[in-house]
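Read the figures in this text as sums done on the coordinates, not as results from a lab. Predicted model only: the values in this text are computed from it and were never measured. FYI the Cβ positions are ideal-geometry reconstructions off the backbone, even for glycines, and counts take in every protein chain you see.
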Amino acid sequence: MKKLLLSLFVLVFVAAAATAQTRTVTGTVTGQSDGLSLPGVSIQVKGTSDGTSTDNNGRFSIQAPAGATLVFTYIGFETRELAVPASGSMTVVLAESAQSLDDVVITAGGVSIQQRQQGNQATNVTAETLTQGKSFNVAQSLSGKVAGLQVNAVGGGVNPEIRLVLRGNRSLLGNNQALVVVDNVIVPTSVLGNLNPEDIESVNVLNGAGAASLYGSDASNGALIITTKRGKEGVSRITVSNTSTFENASFLPKLQKRFGSGTGPDAVPTYTPYENQQYGPAFDGSMVTIGKPTENGNIQTIPYSPTDERDQFWDNGYTNQTDLSISSGDEKSSYYLSAQYLENTGTVPGDKYNRFSMRLNADRNITDNFTVSFNSNYTQNRYDRSNAMEVAFNDVLQSPAHIPLTRYKDWRNDEFANPNGYYNEYYDNPYFTLDNNRELVRNDYLTGSTQFKWFPIEKLSLLFRVSLAARNGSSKSWSNRFDFSEYTSGISSSKEQGEYPGSVADGSFFETQINPEFQAQFKDQLSEDFSIDAILGGSLRDNNAKYLNASSFGMAQPDLFNISNTTQRTQGGESIERVRQIGIYGDVRIGFRNYLYLHMTGRNDWRSQLSVENRSFFYPSADVSFILSDAVPTIKESGVIDVLKFRGGVSKVGLVNIGPYALLATFGQTNGFPYNGVIGYSIGDRAVAPNINPEITNSMEGGFDFELLQSRVVGSFTAYKSTTTDQTLPVQVTSSTGYTSFLTNTGEVTNNGFETMLRLTPIRTDAGLEVTVGANYTYNDNKVVSLFEGQEEGELTLGTWGAAGVYAVTGEAFPMLKGTRYQRDDQDRIIVNPSTGFPTVTTEYYQLGRTEPPHRLGLDGILSYKGLRFATTWEYRSGHSMFNQSTTGLDFSGAGIKSTFFNRERFVIPNSVVRTGGTDEAPVYTENTNITTYTGGVDFWTNGPSNTGVAENYVYSAAYWRLREASISYDLPSRLFEDMGYVKGVRVSLQGRNLLLWTPKTNLYTDPEYSAFAATSNAIGISGLNDAPPARYFGFTLSVNL
Amino acid sequence: MKKIIYFLLIGTFVAGMSSCKKFLDINENPNSATSTTPELVLPQAIVGSATLANTFNINMADLGGQQANAGGFGGFGSVVTYEYTTASFTGLWSSTMNVNMDLKYVVDQTIEEPRLAFYASTARILKALNFARLVDQYNDIPYSEALQGTDNLTPAYDEAEDVYMDLVKELTESIEAIQAGQAANAETAGVVSSVSAATDPLFGGNMDQWKRFANTIKLRLLIKMAGVDALQSYTTEQFASFDTSVGFLTEDALVNPGYSKEAGKQAPIFASRGRTVTDANTQTSRIPSKWMIGFYDGSILDDDARGSVIYHNYPNTPSNQLGDESAGVPQSSGRDWYRGTNVEGALGVAKWHTQSQPIMLAAESYFLQAEALVRGYLSGGSTAAVTAFDSGIEASYRYLYLDANEVYQGEESPEAMREEYQAANLYEGEDESREGQTSHLVDLGSAISDAERIEGIITQKYIALNFVNNDEAYNEFRRTGYPKFDEEGGTGPYDTFASAKSRSTRADRIVGRILYPNFEYAQNGANVPSDITLFGSRIFWEIN
């Protein structure tokens, strides 16, 4: 590889040195549509290897023999061939290319290439598509728009976490999320939720590991190359806009409204005024008391009739977003300056979020061949939210349907809302819960880069760039102290004194990444047939982070949220993380006659987390792009096929899946040490193999792109396969070894699938009406081939909750949901007890389904007519399952609708059998048609073995159809404001997101995209009450161009 | 010129590579220690052993008869049916291995250094005690191949008898090593490093105490083995060479590194059955068993002096028979084993956050001696046995009447309380000639046979170990059958401690042994003994 690079360079220099008998030709090149000069246009004397390119003002000068023909090529424009005129002076106008094949995309390393050159699957998303739904999170606005990209909002609430995965989960425990790169700066994925979407020019999604050579192995999961807007020469523009967005809870757990408070007995349910459980008598409209008398002797009397109060607990959220951007440029300099302020109140009562961001992008040509560029982005966000939303959600579900829940907001002053007088004996007032448990979170992000680019000769550029991604933040969370009155503790044994001792926790951290980089790029038309684009570079990366936290509990007095205001000793913690890497890479793209491109990369990384022996590793890749339609002109001339491109690639990437300092076992203080100044260490539970290596993913992909009928039909197809070996896993070992886990390289996972895209433009009229409809469909299947060396069967726990968990299981798709189910006979019928009619639960866990969708479909439609644009995006996913762990909230409480499916009466378990004979080894079962459960009330539905402990009862199909986005925008005719000289354009738009969601009947719970675990966890497939209910958003925007 | 450039390039490359190395050599852990010393590990391992003692104590309280399910809770499942699975009690195994790994580290780092003989010996003694506890619940265990880290990921099992014999050897050698060290120090002071009081939260560095402790553990092991026919010759030989001059524990073996009313720093027994650091309840799903309360409130024996210091609101403490889940079962007061009112000064088993954690009581030491004397393992005869028995009861009173600061708070002496106790419990059998005499359960002098003597000794041990070492009480029940269940097979709360819902197939309807933990089946499956059952299998010393 290195040799090849060297010989290529030599070849190039030799070619450049050759001269001929010539004259000087000068001229300028401009673009047809805007008449602006085009810098960097490649000019070549036809039939020779002589060439040059235009300078920053579009001017060129070249030595050419008399009568020669010059070839002008520029990415994104039609190539022109012109004869040298006698004057020796030329003015050349290039037309923009109509085919997307010639669209320029900014890809890895900030390199601009034409789509024709790309040998791997990639999708370019433009600013207009991205911001049509006015999502304030860039990641969410990509959902459904890119083949192969899976976007999951894993939670609700203000600014939820997003998980982005391309081509499935490869690493069992390591990171599977796509790398995010903003203007060549590698940034944490969380930056996506903090980036101003209005700043974005384009997002290039690289589905495969193609960016790994330029960004290092962190790009092994694919990459999102985000390019922000910059000033344009000769264009000054000021945009001011405001967006108001309303949100409301769109999917709440399905609740029953037939039975009120009470727990039993089952035969004759009785009403209990202070009960949380809803297994009481059916509602009858009579007047009942609730709760116990307050200290003042008051008691509430309300009708025993169901209400919608529980659903009305969730607020309507509102977001106001104001944007300002200014951009300008002249022949030497350009800049883009923007600011955004966003304020959001969520659906959870009292939750607030705000975000402010600022960006300055600037460029200056110091000389004709020396350019300086500068990018900077500062974002700050502030959360003021409850840290006990899950508890409050449960409190809501522990409220019977007749309770006037929303009247209990003022718990400080209303004696019935105050914990001392709250009707519910066992669960708190959810408004109190939200109010009493809060957190304030601050995050500041600063990212940016400075770049110098020097062209010592026209064909060679030397680039030096230093980038910074820094984040610092702090948080304070507390649970306030509350003391029950003696009266309340006296009448309610469960309202114990000292129940809310109060606690305070503070944290602060910083994360800084500095990344200097050097890149040499050589671009030349070697001969009439061959072109080369070679990059040689090196980069250093230094990530430094430190986290501090302090906490204490047992508050000395309420309302003073300081960690020193406690009766218990303050605990503190510190964690420092520093990792560094060095990478050297080469990237060569050789073109043949504009229709065949070979692209090869190689990179060697050195990573500080690994031992000296293993820290260096090399990974190569190669891909080919072949444009058949250009190679065989008859295809194009047919008039049917405009473009037919084939591509394919192979790559190998290593992923370092251990943090710093993981190679040596640690000793920690346990058992309460230190005591009185005496230290006591214990050997840690994890043994580590001394020779941890990176996880290696070998992948290949192949596919084709086509455009038919004047680009009215555009499509692509890509098939891929990847194999990831040497996973870094903590293998569970028996504690008899002295350890409980052993970190080593083992296990293999394969992923394969295909990504397809089809876009049709059925209507395109001269009057300006255009309708396009598009679809993208992705199929991904993965399999855990092996887990632990020498073990045919294996299982790795990713996360568990209640009676179910998410696992990696040898031979199965990953992640796999497993949990308990009913005891069944060999025909899969539920075995019930002949005397009680009750089924029983298994102790072992069974596979209950894969949790990542094998099938994903995105649909979009766009209609545009003059200033009017209507766009929608739809999404469909299927083939996967979820487990909901809110059994306490739904079935223990009796709030869930499932507990009324049999009208709370005795019933025969469907598809059940009873044992009628046989031996214990070979029992005989007979279909059960008449043995009913001895109860259909509280004893059945809250009982573990018959219901709540049976995981399969809470597993549902996670399939959905979703109207992800719909928007309509209208550019006001300019005649309306032509009198006002300074207004150049006005756009109004209406947009909605997550407008409609269809899920199967088995989904009684929540949005199937949600996950109870963090976005970084691979334990996908469990949801619960820890996320606020999903929301539906409607908004309108007014945008003015000055 | 070319050469110069060449050299420059190479020079730059070499310089670059070495600075690269420096640039990348930043992987030293700034957050956690990656090396340590035996002096820093030993204190933790001693406290860890105390925590472990309490883990066994609490975990075995359902099986050993000391507690029962409380009212207001459902879904006890295997707690009342005894149908435990391989997922039950797994913490016993993993915590023992975890603590012993630390002790083994201390041994490995010190065993070759005569200067550190006291460190090596203390660690070996505790390791032996902890392994013996594990054998007492699981019988065969990985021992000789255990705790080898990644050198042996699937350690083979050793037979329980062999483990016991090796533990006896370890204890003997430890005693000898301490003796040798003391002799060396007598000659030249300081050749063997002493263990500082702060490093040894058990005996404060007192090596004579450690020797007595080791000798007492050794006696416990040998007595258990002595009943097994196949081990007779071994135990006879061991008893013949038993060094009684070392003595046995005369004081309770209590660990206290400075427990305090802080999260994670409380005495384990108080954290389990007292209060939380914010004065909230610790345990509400269990209440004392009627069976256990029966040994105090007169249902079986009369002993208000001990009952009233152990239980909250005694004699009206909520109690139940294990397995009774009917509506009338009382709810827990949340503090049934804690007599105090959130202030220091309570007595009994859960005294206060700062109390010491018992690992072995002097009472047990005396009852072991009494049994060895009755059975003739140790010489001294019946008079010595009676003295040891009485000392055992007195030691139990003394322990329960200590406050958290180990100050005796009884209004009467332990001796006076023992005498009152013996006077209050008279013979209740059918032999009229013994009417008016004291019960053999409380007075060894009134026992008329060795069987009665052993019954008295083990019954008193069972009472003394209540919520101190519930596991050992349960072990001794399985070994000896005492305290006796109702001979007619009654299943009332004072007839048996077996669960009313027991699915056990044993005659006494209790659990024979617990199953090996699931992770042993999953990760060491080839070595786990097969055919282990809850009700069919026995620990080797259970000979009935």
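If you average 1/r over all unlike Cα pairs in the range B:32-167 and invert the result, what Kirkwood radius do you get in angstrom? Can you show the working numbers first?
Values: mean 1/r = 0.0600 Å⁻¹.
16.7 Å is the Kirkwood radius here.
Okay, helix-only estimate at 222 nm for the protein assembly as shown: each DSSP H run of n ≥ 4 adds -39500 (n - 2.57), divide by all residues, round to 500 deg cm²/dmol; what do you get?
Working: 28 runs with 314 residues, N = 1586.
So the helix-based figure for the protein assembly as shown works out to -6000 deg cm²/dmol.
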* Asked: Ordered by packing density, taken as the mean number of other Cβ atoms within 10 Å over each peptide's residues, highest first, how do A:411-420, A:244-253 rank?
  -> A:244-253, A:411-420
* Between the range B:229-304 and the range A:786-847, the alpha-carbon center distance in angstrom -> 40
* Structure fact -> For the protein assembly as shown, the charge dipole (Cβ of Lys, Arg +1; Cβ of Asp, Glu -1; about the Cα centre) points to a positive end, and the Cα of A:1037, A:909, A:30 closest to that extreme belongs to A:30
* Structure fact -> Each label sits 7 Å from Cα toward the beta-carbon; between residue B:159 and residue A:333 the label points are separated, in nm, by 9.2
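Among the listed pairs A:546/B:22; B:224/B:351; B:169/B:261; A:292/A:1001; A:645/A:721; A:645/A:866, which have their C-alpha atoms separated by more than 28 angstrom in this model?
Details: A:546/B:22 21 Å; B:224/B:351 31 Å; B:169/B:261 40 Å; A:292/A:1001 39 Å; A:645/A:721 20 Å; A:645/A:866 33 Å.
From A:546/B:22; B:224/B:351; B:169/B:261; A:292/A:1001; A:645/A:721; A:645/A:866, over 28 Å: B:224/B:351; B:169/B:261; A:292/A:1001; A:645/A:866.
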* Structure fact -> Percent of all Cα-Cα pairs per 10 Å bin for the range B:411-544, counting from 0 up to the last occupied bin, reads 11, 31, 31, 17, 7, 3, 0
* Asked: So how long is each side of the range A:159-260 along the principal axes, counting just the alpha-carbon atoms, biggest first, in Å?
  -> 68, 45, 17
* Structure fact -> Over its alpha-carbon atoms, the protein assembly as shown yields an Rg and a Dmax in Å of 39.2, 145
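So what's the range A:211-326 giving for Cα Rg divided by 2.2 N^0.38 Å, two decimals?
Details: Rg = 28.6 Å, N = 116, 2.2 N^0.38 = 13.4 Å.
Rg over 2.2 N^0.38 Å, computed on Cα atoms: 2.14.
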* Structure fact -> In the structure shown, of A:257/A:818; A:232/A:636; A:145/A:352; A:134/A:783; A:46/A:523, the pairs separated by more than 27 angstrom at the C-alpha atoms are A:257/A:818; A:232/A:636; A:145/A:352; A:134/A:783
* Structure fact -> Taking only C-alpha positions in the range A:770-855, Rg and Dmax in angstrom work out to 18.6, 70
* To do: Can you run the Rg to Rh ratio on the range A:487-601? Use alpha carbon positions and the Kirkwood inverse-distance Rh.
  => 1.51
* Arrange the following residues from fewest to most other Cβ atoms within 10 Å of their Cβ: B:165, B:417, A:882. => B:165, B:417, A:882
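Return an integer: the convex hull volume of the alpha-carbon atoms of the range A:816-876, in Å³ per residue.
Numbers: hull volume 9.2 nm³, N = 61.
Output value, Cα hull per residue: 152 Å³.
Using Cα-Cα distances under 8 Å and only pairs 6 or more residues apart, what relative contact order does chain A have, in percent?
Numbers: 2930 pairs, mean separation 111.2, N = 1042.
Averaging sequence separation for qualifying contacts and normalising by length gives 11 percent for chain A.
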* Structure fact -> With no solvent term and unit scatterers on the alpha-carbon positions of the range A:300-353, Debye gives log₁₀ I(q)/I(0) at q = 0.20 Å⁻¹ of -0.83
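If one computes P(r) from the Cα atoms of the range B:322-380, what percent of pairs lie at distances over 19 Å? The partial results should precede the final answer.
Details: 1031 of 1711 pairs.
Cα-Cα pairs in the range B:322-380 separated by more than 19 Å: 60 percent.
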* **Coordinate range along principal axes, alpha carbons of the range B:95-234, Å, largest first** => 45, 38, 24
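Relative contact order of the range A:550-688: what whole-number percent is it, with Cα pairs under 8 angstrom and at least 6 residues apart? Please list the in-between numbers first.
Details: 220 pairs, mean separation 20.5, N = 139.
Relative contact order comes out at 15 percent.
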* **Length released on extending from residue A:640 to residue A:56, taking residue separation times 0.36 nm less the Cα-Cα span** => 206.4 nm
* Asked: Hey, what do the phi angles of the range A:88-95 turn into as Karplus ³J(HN,Hα) couplings, whole Hz, using 6.51/-1.76/1.60 and θ = phi - 60°, x for Gly and Pro?
  -> x, 10, 9, 10, 10, 10, 9, 8
* Compute the separation of the alpha-carbon centres of the range B:497-544 and the range A:567-632 and state it in Å as a whole number. => 55
* For q = 0.17 Å⁻¹, Debye-computed log10 I/I(0) when each Cα of the range A:902-1042 counts as one equal scatterer -> -1.07
* Asked: Applying the Karplus parametrisation 6.51 cos²θ - 1.76 cosθ + 1.60 with θ = phi - 60° to the phi angles of the range A:285-301, what ³J(HN,Hα) value in whole Hz is obtained for each residue in order, glycine and proline being reported as x?
  -> x, 6, 8, 10, 8, 10, x, 10, x, 6, 4, 7, x, 8, 9, 8, 10
* Cα pair count fraction exceeding 36 Å, expressed as % - chain B -> 36
* Structure fact -> Final fewest-first order of A:236, B:233 on the 10 Å Cβ neighbour count is B:233, A:236
* To do: Order by neighbour count: B:430, B:364, fewest other Cβ atoms within 10 Å first, most last.
  => B:430, B:364
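How shielded is B:44-51 by partner chains, expressed as the average number of their Cβ atoms within 10 Å of its Cβ atoms? Kindly include the intermediate steps, with their values, before the conclusion.
Numbers: counts 15, 5, 2, 8, 6, 1, 1, 3.
The per-residue average across the peptide is 5.
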* Structure fact -> Log entry: pair-distance distribution for the range A:589-724, C-alpha pairs binned every 10 Å from zero, whole % per bin is 10, 23, 20, 16, 12, 9, 6, 3, 1
* Asked: Ratio of the range B:171-289's C-alpha Rg to 2.2 N^0.38 Å, to two decimals?
  -> 1.47
